1. Among the residues of the range 145-156, count how many are open to solvent by 100 Å² or more (accessible area, probe 1.4 Å) and within 14 Å of the chain's Cα centre (by Cα).
2. Would you mention how many residues in the range 95-132 are more than 38 Å from the chain's Cα centre (by Cα) and not charged (D, E, K, R)?
3. Scanning the range 87-102 for residues that are open to solvent by less than 30 Å² (accessible area, probe 1.4 Å) and assigned to a helix (DSSP H, G or I), which turns out nearest to residue 141 (Cα to Cα)?
4. Provide a single number: the residues in the range 110-121 that are more than 13 Å from residue 69 (Cβ to Cβ) and surrounded by 11 or more Cβ atoms within 10 Å (Cβ to Cβ).
5. Return yes or no: is residue 142 open to solvent by 50 Å² or more (accessible area, probe 1.4 Å) and more than 20 Å from residue 77 (Cβ to Cβ)?
6. Can you name the condition, by its number, that residue 21 falls short on among (1) exposed (fewer than 10 other Cβ atoms within 10 Å of the Cβ); (2) modelled with pLDDT of 75 or more; (3) not aliphatic (A, V, I, L, M)?
7. Look at the range 54-84 and say how many of its residues are more than 19 Å from residue 133 (Cβ to Cβ) and open to solvent by less than 60 Å² (accessible area, probe 1.4 Å).
8. Only residues in the range 57-86 that are touching a residue at least 24 places away in the same chain (Cβ under 8 Å) count as the first member; pair them with residues that are surrounded by fewer than 15 Cβ atoms within 10 Å (Cβ to Cβ) and of a type in the set (Gly, Ala, Ser), Cβ under 7 angstrom, at least 6 apart or cross-chain, and list the lot.
Amino acid sequence: MEATIATILALLFLSFVVLGTYAAVKVVKAAKRGVDRTIDQARRTVEDTTLRAKSFGQLGAAAELARLRLALRTSMRATQDALQAGAVEDASLRESLDLFARLSAHGRELDEDLKRLEREPDKAYVAGQLPALTERTERITDSADALRRAARDRARRFAEDDLETLSAQIDVEAGALRHWTTTERTGSGTAGTAAPDPAWYEAAPGTADRGTRRPGPAEGPQAITAPEPRPAAYPWEKTARPESSAG
């Protein structure tokens with residue numbers, strides 16, 4: 001018996017050690033990913049700042065190379081962020097993400113070519129390559145911009161459609177809440193005619209002298225108990241009014 005208890009305790013201890021180790025590894029990996037993201041973001045910021053300074057502070061081919069790299073990086077990053085954010089709610093954008101991944105391969109290749117030319121000492125050769133590089137950059141950025149704008153137009157269109165449907169539903173609900181206006185219009189067409197007493201009409205439908213019926217001794221005013229108020233969940237919510245007391 002004691003050996004069984006010792007075995008169970010050992011297994012429990014071993015399980016706790018394994019779980020603790022697994023949790024520690026997950027925490028370390030998550031922290032490492034966070035650090036890597038921070039380093040990558042800082043590096044991109046430094047590179048963008050450097051390219052912006054070169055594009056404004058230098059002349060000739062060096063400034064044009066910096067301008068092309070900056071335009072490429074800005075367009076690709078904005079498109080990637082837009083597609084990734086939209087794909088969370090719109091699954092059809094996953095195909096657009098696949099297309100963007102293929103476009104990114106061309107963008108990375110172009111960026112490497114531009115970086116190599118930044119270190120090229122032959123400025124005449126660099127100047128001769130600029131027209132073709134400019135055309136490649138414009139083709140890639142135009143495609144990236146087209147994907148980004150289409151994704152934003154799609155999201156805006158869905159939002160407009162949802163708002164239009166919601167407005168129509170609210171109009172219907174508002175008309176239902178104003179049901180007394182229909183009752184008033186119906187009642188105005190029969191002005192001068194006394195409305196029947198609902199209690200009398202239901203109690204004695206077959207009597208001859210319906211207009212002179214009086215309540216018996218057992219009949220009297222009944223107490224009306226108000227329903228318990230429902231606590232409001234939001235600041236704009238008020239206690240719901242029961243349908244039986246509406247109108």
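The values are calculated or read from the model by the stated rules, or taken from the named source; none is laboratory data. Bear in mind that the values here come from a model prediction, so they are computed numbers and not experimental data. When we count neighbours, we look across all protein chains shown, and the Cβ atoms used for this are built from the backbone with ideal geometry, even at glycine. Quick note on the areas: whole protein, heavy atoms, side chains included, nothing else; ligands and nucleic acids left out. Shrake-Rupley method; radii C 1.70, N 1.55, O 1.52, S 1.80 Å.
1. Residues flagged as open to solvent by 100 Å² or more (accessible area, probe 1.4 Å) and within 14 Å of the chain's Cα centre (by Cα) within the range 145-156 amount to 2.
2. Total satisfying the criteria: 11.
3. First, the residues of the range 87-102 that are open to solvent by less than 30 Å² (accessible area, probe 1.4 Å): 87, 90, 93, 96, 100.
Retained after the next criterion (residues that are assigned to a helix (DSSP H, G or I)): 87, 93, 96, 100.
Values: 87: 21, 93: 19, 96: 15, 100: 11 Å.
Going through the qualifying residues, I end up with 100.
4. Summing the residues that are more than 13 Å from residue 69 (Cβ to Cβ) and surrounded by 11 or more Cβ atoms within 10 Å (Cβ to Cβ) in the range 110-121 gives 1.
5. no
6. Only one criterion is unmet by residue 21, namely (1).
7. Matching residues across the range 54-84 total 4.
8. What qualifies is 61/127.
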